[in-house]
1. Out of (1) on the phi > 0 side of the Ramachandran plot; (2) surrounded by 15 or more Cβ atoms within 10 Å (Cβ to Cβ); (3) of a type outside the set (S, T, N, Q), the odd one out for Val60 is which?
2. Kindly establish whether Asp149 is under 20 Å from Gly25 (Cβ atoms) and surrounded by fewer than 12 Cβ atoms within 10 Å (Cβ to Cβ).
3. Any chance you could count how many residues in segment 82-121 are among the acidic types (Asp, Glu) and surrounded by fewer than 20 Cβ atoms within 10 Å (Cβ to Cβ)?
4. I'd like to check something: does segment 67-78 contain any residue that is under 15 Å from the mean Cα position of the chain (by Cα), among the polar types (S, T, N, Q) and crowded, with 17+ Cβ neighbours inside 10 Å?
5. For the condition among the β-branched types (Val, Ile, Thr), in contact (Cβ under 8 Å) with a residue 24 or more places away in the chain, farther than 14 Å from Ala106 by Cα and touching a Phe, Trp or Tyr at 6+ places or on another chain (Cβ under 8 Å), what is the one hit in Val67, Val54, Val88, Val60?
6. Checking the structure you have, find out if any residue of segment 30-37 is of a type in the set (A, V, I, L, M, F, W, C), crowded, with 17+ Cβ neighbours inside 10 Å and either free of Cβ contacts under 8 Å to residues at least 40 places away in the same chain or not in a strand (DSSP E or B) (or both).
7. Restricting attention to segment 83-96, and to residues there that are assigned to a loop (DSSP other than H, G, I, E, B) and aliphatic (A, V, I, L, M), which single residue is nearest to Ile63 (Cα to Cα)?
8. Is it the case, given these coordinates, that Ala40 is among the small types (Gly, Ala, Ser) and under 16 Å from Thr115 (Cα atoms)?
Amino acid sequence: MSNVTNHKQPNSRMCFTCGLDNPFGLKLRFYDNGSDEVWADFVVGPNHQGYPGVVHGGVVAAILDEVGSRVMMAGAPNRFGMTAKMEVRYRKPVPLATPLRAVARAVKDRGRLVTARAEIRTQTGEVLAEAEVLMAEVALDQLPTEEADRLGWRVYPDSEPA
């Protein structure tokens, strides 16, 4: 991400992946490069394990889904999408209590449909899980945008605790 301005994306209060008030959530904080890439650095705790010491596969899929779908918002914060299709490949066990990075890049933008490649990587860049995520744009009039404040949908300062 060198020579790129980091844009912080909004979080919500109760979303499983980004909700800062969800006691069972992951509390991920996402950033984008302003055009086609999104990432989040995180550590998954023991409440989200499957096999001992390993992140549950459904949680891995949720992280890939979230980072992939947020590609639509890179450079366009009011552009929202919903996942239409996702194919996940689990390459290696995703470890608990280990610094990781989720990253997604847009590979095709056809207006209403966007395809992204999403990955969960180790700090050394080894890919542990990946997905191709197809998102369909959701019109703003179909979203409760007037409730954004109540839902806590906003950019929170990094200094604000998760």
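Nothing in this text is a laboratory measurement; each read-out follows from the coordinates by a stated rule. Since the structure is predicted, the reported quantities are computational estimates derived from the model, not experimental observations. Here Cβ is always computed from backbone atoms with ideal geometry, including for glycine, and neighbour counts include all displayed protein chains.
1. So Val60 meets the others, but not (1).
2. Details: under 20 Å from Gly25 (Cβ atoms): yes; surrounded by fewer than 12 Cβ atoms within 10 Å (Cβ to Cβ): yes.
Spelling it out, Asp149 is indeed under 20 Å from Gly25 (Cβ atoms) and surrounded by fewer than 12 Cβ atoms within 10 Å (Cβ to Cβ).
3. Qualifying residue count for the region: 2.
4. yes
5. On the way: Val67 fails: farther than 14 Å from Ala106 by Cα; Val54 fails: touching a Phe, Trp or Tyr at 6+ places or on another chain (Cβ under 8 Å); Val88 fails: touching a Phe, Trp or Tyr at 6+ places or on another chain (Cβ under 8 Å).
Of the residues listed, the single one that is among the β-branched types (Val, Ile, Thr), in contact (Cβ under 8 Å) with a residue 24 or more places away in the chain, farther than 14 Å from Ala106 by Cα and touching a Phe, Trp or Tyr at 6+ places or on another chain (Cβ under 8 Å) is Val60.
6. Yes, some residue in segment 30-37 is of a type in the set (A, V, I, L, M, F, W, C), crowded, with 17+ Cβ neighbours inside 10 Å and either free of Cβ contacts under 8 Å to residues at least 40 places away in the same chain or not in a strand (DSSP E or B) (or both).
7. If we filter segment 83-96 for residues that are assigned to a loop (DSSP other than H, G, I, E, B), which is where we start, we get 91-94, 96.
Next, only the ones that are aliphatic (A, V, I, L, M) stay: 94, 96.
Working: Val94: 11, Leu96: 14 Å.
Once the filter is applied, the top-ranked residue is Val94.
8. Criteria not met by Ala40.
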